[in-house]
Amino acid sequence: MHSTVRSAALIVTLGYAVTAIGQTMRVNTSLPAQTGSEHLLDGDIRVSRNWIAKFPPGLNGAAENASSQLFSLQNAPMRFVHDPQTDAYAETSSGGSSAPDPLAVDVHEPRPEPTLQECPYDKTHSRACKVHWGQLLISSSLFLAFDNMGNLYTGYYYRQETGTGKWWKLYEESVARYRWDHWSDDNPMLDVYVGHPIMGAITNGLWIQNDPKGAALEQSNTWPYWRSRLRATAFTTLYSMQWKVGPLGELGFGHSGSHYFPDHGVLTNETGDVELVTTPVGGLAWTLAEDYLDKHVLRRLEEKSRNPFFLLGIQFMNPARGTANILRFRPPWYRDSRVVKASSFFSDPGEGVPAAIRGTSSGNIPAPPYGGTHEFGLWWGLSLFSGSLWGDEASVKYMPIDLRYSRLLTQHDHWALRYSPELTALAMLDEVDPGQTDPRYLRRRTYGSGLSPEGFQVDFRPQKRVQPFLGHNAGFVFFVDPVLSQRESRLVYTIDFGGGINIFRKARQALTLGYRYQHLASANFSSSTDANTFYVGVSRFRSKGD
């Protein structure tokens, strides 16, 4: 009877104390598995019954005295240090000069989230230290798309098999005819034992940079380091399996394995087990080698110069890590373990600084919240079918890769005007070759480069994160061989009109999705074609004072 009343009084008194403290601290009555005593728990402090029992009885016993001590926490911040031998929590002053005890917890301050450097050793299962699955899916999907586009672009039979017949039925046939009992897939040695380990190291990098428990770790003989790299290898094993036998890999795009064909005197369907092993195992070895070079070589070289071309050059000692960085829209020299910034105008946009204190640009044009006075970007486009507005040649495919610069000329509340010349770093023109009968060579590809000195763009909603735009460019492309039907000229004039949207992921970084109707005409205007070019690009902006 007395114990029941005593327990009820204790619960009521503590409940009243907790209610009065309010948001200062929350208490519940769960029992930790690692201790044998009952505790009142919350995320920041544990108050044991042994701690309450320390106080001499008050008017209504120890519980009332303990409650008064809890009330005093509101006005006098305390820290409690746990004694594991007695299971007691002793009060300490928060203003002392002694070094903080790692077991002491400030009642008034919430527990901070672990930093990236602390995540490998975190035991609290913090959300900040969990894998970033969304970003991992995006970056690995981009890499998968890049792999498939490479095969489709370079291989005639990849395009032929993917675009004809019943796709799913051909995929099932490819899986059924996979040579699981065959080691070699009859691909070149360089592809099998160099290319696929690099591929595995890239997917390792994609996992590592999205796993806070390993992103900031440098090469070391410690369990957190090895655990991180082994987790990355497990992800690469799954990625490699999908690439070799999944519907979004070689058996789905190209239908490798569906039929045999002669290749360098060998009858093969290009399937086998070798790359299922060399990709994850070789990828792990490649990652370990890059980690060693990054710690012992690149770190020292970075201190000699921060020139962006120098930093880009030395990244050839870490090609897989550099590629993984690009797939998350970072420069190749970016590191999670340390700050590596190039000493160039476009490399340090002052991220995280409020727009109001960024200053103004030259010409007295205010720097907008999103974007900036100067833009430097890159875009890649593809036209798979011709238009007929001005051009007279159909069945022409066009693929440009352009470097872009623009400068803000004038800005208003609802629109802004930019001068936007472009450099065509690489252009590919794919057209019918009427002199060929071999199905592999019915089309010819010609490459070139060019310049579009005339360019203007109107941005709408310049204060917003998503900004529609309209644009126009005009210039020329010079090809290595004569192009278009007359085959009379290697010089082609270009003019285009189009639009799209800029999506700012940060104040000074944007992703561009757009469309251009491009007209290409030979130098003597005897032949021409129109291209419906859809493109994607990335840009970085700067303003004076950033």
Quiz item: In what order do His472, His255 fall by count of nearby beta-carbon atoms within 10 Å, going from fewest to most?
Solution: His472, His255
Quiz item: Put +1 on the Cβ of every Lys and Arg and -1 on every Asp and Glu Cβ in segment 133-326; which of Gly249, Gln315, Met199 then has its Cα farthest towards the positive end of the dipole?
Solution: Gln315
Quiz item: Ranked from highest to lowest mean number of other Cβ atoms within 10 Å per residue, what is the order of the peptides 331-338, 120-127?
Solution: 331-338, 120-127
Quiz item: Once you put a point 7 Å from the Cα of Leu470 and another 7 Å from the Cα of Leu312, both along the Cβ direction, what distance in nm separates them?
Solution: 3.5 nm
Quiz item: What's the extension gain from Tyr156 to Asp481 if we count 0.36 nm per residue and subtract their Cα-Cα distance?
Solution: 114.9 nm
Quiz item: Hey, fewest Cβ within 10 Å first, where do Arg542, Arg231 land in order?
Solution: Arg231, Arg542
Practice problem: Over the alpha-carbon set of segment 393-496, work out the extent along each principal axis and list the three values in angstrom, largest first. | Solution: 59, 23, 20
Quiz item: How far, in nm, would the chain grow between Asp273 and Lys341 when pulled straight, counting 0.36 nm per residue and subtracting the alpha carbon separation?
Solution: 20.3 nm
Self-check item: Rg/Rg_globular for segment 175-233, with Rg_globular taken as 2.2 N^0.38 Å and Rg from C-alpha atoms
Solution: 1.51
Quiz item: Does anything in segment 189-228 have its amide N under 14 Å from the 7 Å Cα→Cβ label point of Gln135, and if so which residues?
Solution: 205-217
Quiz prompt | Order of Asp147, Asp433, Asp181 under a 10 Å beta carbon neighbour criterion, fewest first | solution = Asp181, Asp433, Asp147
Quiz item: Regarding segment 133-326, what are the three Cα extents along the principal axes, ordered largest first, in Å?
Solution: 55, 35, 34
Exercise. With the Cα gyration tensor of segment 470-544 in hand, convert its eigenvalues to equivalent ellipsoid semi-axes via √(5λ) and list them largest first in whole Å.
Key: 32, 13, 10
Self-check item: Cross-link pairs Lys341/Lys506; Lys506/Lys544; Lys295/Lys341; Lys130/Lys244; Lys304/Lys544 - those with Cα-Cα distance over 24 Å
Solution: Lys130/Lys244; Lys304/Lys544
Practice problem: Would you mind counting up the charge near Asn325? Only other residues with Cβ under 13 Å from its Cβ, with Lys and Arg at +1 and Asp and Glu at -1. | Solution: +1
Quiz item: What dipole magnitude, in Debye to the nearest 20, does segment 212-315 give about its Cα centre under +1 on Lys/Arg Cβ and -1 on Asp/Glu Cβ?
Solution: 600 debye
Exercise. Hey, could you get me the Stokes-Einstein D for segment 362-542, Kirkwood radius over alpha-carbon pairs, 4 °C and 1.567 mPa s, rounded to whole µm² s⁻¹?
Key: 76 µm²/s
Quiz item: Could you give the dipole magnitude of segment 362-542 about its Cα centre, charging the beta-carbon of Lys and Arg +1 and that of Asp and Glu -1, in debye to the nearest 20?
Solution: 960 debye
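Taken together, the values in this text are just the output of simple stated rules run on the coordinates, not laboratory data. Note that this is a predicted model, so its numbers are computed, not measured. No Cβ is skipped: glycine too gets one built from the backbone with ideal geometry, and neighbour counts run over all protein chains shown.
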